[in-house]
1. May I ask you to list the aspartates and glutamates whose Cα is less than 17 Å away from that of Lys253, ignoring any residue fewer than eight positions away on the same chain?
2. Subtracting the Cα-Cα distance from 0.36 nm times the residue separation, let me have the gained length for Ser48 to Glu352 in nm, one decimal.
3. Got a sec? Charge dipole of region 10-244, +1 on Cβ for Lys and Arg, -1 for Asp and Glu; which of Tyr221, Gly12, His150 is way out at the positive end?
4. Roughly how many nanometres apart are two label points built 7 Å out from the Cα toward the Cβ at Glu318 and Glu258?
5. For the charge dipole of region 232-349, defined by +1 on Lys and Arg C-beta atoms and -1 on Asp and Glu C-beta atoms about the Cα centroid, which residue among Ala337, Thr262, Leu299 has the Cα displaced farthest towards the positive pole?
6. Taking the Cβ of Ile312 as the centre, find all other residues whose Cβ is under 10 Å away and add up their charges (Lys, Arg: +1; Asp, Glu: -1).
7. For Ile358, Ile171, Ile94, what ranking results if the residue with the fewest other Cβ atoms within 10 Å of its Cβ goes first?
8. To the nearest 0.05, how large is the calculated FRET efficiency for Asn228 and Arg265 if R₀ is 56 Å and r is the Cβ-Cβ distance?
Amino acid sequence: MERIMPNRLDRGFFQYQAEFEAKALEVLRSGWYVLGNEVKGFEEEFASYVGAKHCVGLASGLDALWIAFRVMGIGAGDEVIVQGNTYIASVMGITINGATPVFVEPDEFFNVDVTRIEEKITERTKAILVVHLYGQASQMDAILALCKKHDLRLVEDCAQAHGAKYHGKQIGTFGDVGCFSFYPSKNLGAFGDAGAIVTNDDKIAEDARIFRNYGSEKRYYNKVVGANSRLDELQAGLLRVRLKHLDELAKEKQAICERYLTELRNDKIELPRIREGATHIWHQFVIRSEQRDELQRYLDERGIGTIIHYPIPPHLSEAYQYLGWKEGDLPITETYAKTVLSIPLYNGMTKEEQDYVIGTINAF
Ligand SMILES: *Cc1c(COP(=O)(O)O)cnc(C)c1O
């Protein structure tokens, strides 16, 4: 059998090839390439999909995060609470504006442990950044209660969880802003970089809309010092095609993960858990093993590629040495970094590939 990669973006393209190609040609022939009708159409459709009043298309998920904090005025001198075991972009979204991330340990679902947040709140704390890691919704009722009690802003990093719900409500709509990435490997992926924020707050939406285009609402009249974080027509058009199929794509991944959950059987591995009331849209299928590195090598030798999300937690990365955290400060986060492994999972994964992954892991 051909080597099984952790992800296969080509399969996702071929599933709707005719529709993607037709849309790409339509945009190329239109003569309008940045911030046009495709962007407007996508913003309306995505806002309606998640049930938010506004969606503002941006150039990336990282931009969605830092622009959200910027328009809310959270920066130097402010603290933002975030889980320790996230992708480093979550943290950069905070620090680009000069704010300080305060790390909290995760729970057994890989999301923030809500029982450990309150002890980290100080008079400088301005917001909680919740990351719905690997595709599973976080425990939003408890987080919302903390935000109300301490008068904090709530920002959701939804880069890995398009369409996930908590007690029936779409993530991204619980707090002030939901930040999305449409990087090609995400569950709603573009064919290049793209991102967006969703919000029910008219002011945040308007300010982000102005900020993304050099701070101008009207051409050459600049209200604030902004950035160039515009979404282009090609990506927006292709995202509209994928969005139409997002629920069926999610079901397909769900079915693969249900097989993994019932058929993977090996005492040396621990399977992911699903929180009651939360949905998991399976951006990644993350197992844990004390013999993780050995398992990864074993799978690699048998033609199965895997990825570690993430081997170095942000508080130990070279980039954040200036924050002063050290090894041992976040033992659960650090244990996850040493034991997690994401096994192959993608739309268009054949039954044969699934069988081989299951059989090989079970034989480890
Ligand atoms: C991918 C990702 C981002 C950043 O998105 P980009 O579009 O790559 O900038 C932020 N947070 C998380 C959790 C992500 O997985």
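1. List returned: Asp10, Glu263, Glu352, Glu353, Asp355.
2. Result for the pair: 105.7 nm of gain on full extension.
3. Toward the positive end, the furthest listed residue is Tyr221.
4. My value for the distance between the label points is 4.6 nm.
5. Among Ala337, Thr262, Leu299, the one farthest towards the positive end of the dipole of region 232-349 is Thr262.
6. -2
7. Numbers: Ile358 18, Ile171 29, Ile94 26.
The order, fewest Cβ neighbours first, is Ile358, Ile94, Ile171.
8. On the way: r = 51 Å, r/R0 = 0.91.
In this case the efficiency is close to 0.65.
Readers should treat all values here as calculations from the given coordinates under stated rules, not as data from a laboratory. Predicted model, so just to flag it, every value in this text is computed and none were measured. Reconstructed Cβ throughout: ideal geometry from the backbone, glycine too, with neighbour counts over all protein chains shown.
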